[in-house]
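To keep things clear, I will list the structure first and then write my remarks on it.
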Amino acid sequence: MADRRDSRKKHWGLAFILIAVMLICGFIYWKTILLEDDLAEKNQQKATIEKQIEDEYRKNQELKDEARYRQTDDYIKDKAKDTIGLRDPDETIFRPEEDNN
């Protein structure tokens with residue numbers, strides 16, 4: 001009789017250990033899935049931010065180019081032509097005739 005009780009205790013102990021191991025494995029699997037989802041989300045955010053950085057670098061370069069252009073004589077001439085109608089001495093300006101009908 002005592003052997004049977006000891007055998008049952010061993011089986012219950014073994015079953016408890018097995019259940020505990022299964023629960024731990026399930027928890028680890030669940031956390032792994034959550035971490036993979038989080039990693040995918042973070043990678044998507046990283047790609048979005050890298051694209052924004054690239055766009056900002058491009059805009060920055062365009063602004064630098066425009067600033068350089070605004071310091072040239074060509075820009076000053078173009079601005080003078082647009083605002084006050086200034087022209088070069090060898091330049092002829094043609095204007096369309098207006099209908100007086």
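Values in this text are rule-based calculations from the coordinates and carry no lab data. Please read these numbers as outputs of a predicted model, since none were measured by experiment. Glycine gets a Cβ as well: all are built from the backbone with ideal geometry, and neighbour counts include every protein chain shown.
So that you can scan it fast, the table gives a plain yes or no per residue for (1) surrounded by 10 or more Cβ atoms within 10 Å (Cβ to Cβ); (2) part of a helix (DSSP H, G or I); (3) in contact with a Cys (Cβ under 7 Å, 6 or more places away or on another chain); (4) of a type in the set (Ser, Thr, Tyr):
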| position | (1), (2), (3), (4) |
| --- | --- |
| Leu35 | yes, yes, no, no |
| Ile49 | yes, yes, no, no |
| Asp55 | yes, yes, no, no |
| Asn60 | yes, yes, no, no |
| Lys77 | yes, yes, no, no |
| Lys81 | yes, yes, no, no |
| Arg87 | yes, no, no, no |
| Pro96 | no, no, no, no |
### Message
Could you list, ordered by first residue, the pairs with Cβ atoms under 8 Å in which the first is in the range 67-94 and on the phi < 0 side of the Ramachandran plot and the second is part of a loop (DSSP other than H, G, I, E, B) and among the aliphatic types (A, V, I, L, M), at least 6 apart or interchain?
### Response
Lys77/Leu86; Ala80/Leu86; Arg87/Ile93
